[in-house]
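Values in this text are rule-based calculations from the coordinates and carry no lab data. Nothing here was measured: the structure is a model prediction, and the numbers come from that model. Here Cβ is always computed from backbone atoms with ideal geometry, including for glycine, and neighbour counts include all displayed protein chains.
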Amino acid sequence: MKHWLPLLLTLPLSHTQAAGPAFNCTQVEAGSIEQQICQSEPLSALDRKMAEVYTAAQQKAGNEHPPVLKTEQRGWIKGRNDCWKSADQPACIAELQARYRLVEATGPVFYQCDGNPAKEVVARFFRTEPPTAIVEFGDRSSLMYLEQTASGARYQGQNESLWEHHGEAIVVWGYQEPEMHCTAR
């Protein structure tokens, strides 16, 4: 499978297509993630934006030792390619968009829990499809997906959840952990 991000390094920004991604769609393999990007204007727009950001980051990280930017790029490509194999591609794409901050976020929103200033939960909400949030508590973070509710907004992670309604939130952080009652500051 061809990796499109390394191609970005050789493309001047002035040659990116206005309606397509920053790479040539005539050279992509059928059934690849690159083909999906070529067929989607929102993904093509994100690809163009990523090309701009990556080029700017590469210029700033030119003499970086060890080469962290290139290592992160390879990790992102692996994640993107694994996403293509996922049974739930929209959720996987939403995860990449949120984790790498490729879409606009609302927040951070700071919540104080159980009346204790030391129990602070920080949430950033991303306009992905499906909607996501990255929620931090202590030294851990959790990617959460919006679930349908009768009222408020409930985000569910692997073992964590945040249910927000009018500035109040109930947060569960860990399997069978007690609820924390939180207020937005």
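Observations
- Distance in nm between pseudo-label sites at residue 19 and residue 114 (7 Å out along the Cβ direction from Cα): 5.7
- Derived scalar couplings between HN and Hα for the range 32-41 equal 8, 4, 4, 5, 4, 5, 4, 8, 10, 4 Hz in order, rounded to whole Hz, by the Karplus curve 6.51 cos²θ - 1.76 cosθ + 1.60 (θ = phi - 60°), x for Gly and Pro.
- Relative to the compact-globule estimate of 2.2 N^0.38 Å, the Cα radius of gyration of the range 105-184 comes out at 0.98.
- Dipole magnitude of the chain, debye to nearest 20 (Cβ charges: Lys/Arg +1, Asp/Glu -1, about Cα centre): 620
- Linear extension gain, residue 149 paired with residue 89, 0.36 nm per residue minus alpha-carbon span: 19.3 nm
- Dividing the Cα radius of gyration of the range 62-102 by its Kirkwood radius returns 1.10 for Rg/Rh.
- Sites residue 76 and residue 40, calculated FRET efficiency, Cβ-Cβ separation with R0 22 Å, nearest 0.05: 0.75
- Sites residue 176 and residue 127, calculated FRET efficiency, Cβ-Cβ separation with R0 25 Å, nearest 0.05: 0.20
- Under 5 Å between amide hydrogens, built in the peptide plane, is the criterion, and for residue 64 it picks out nothing among residues at least 5 positions away or on other chains.
- Enclosed volume per residue, in Å³, of the convex hull spanned by Cα atoms of the chain: 157
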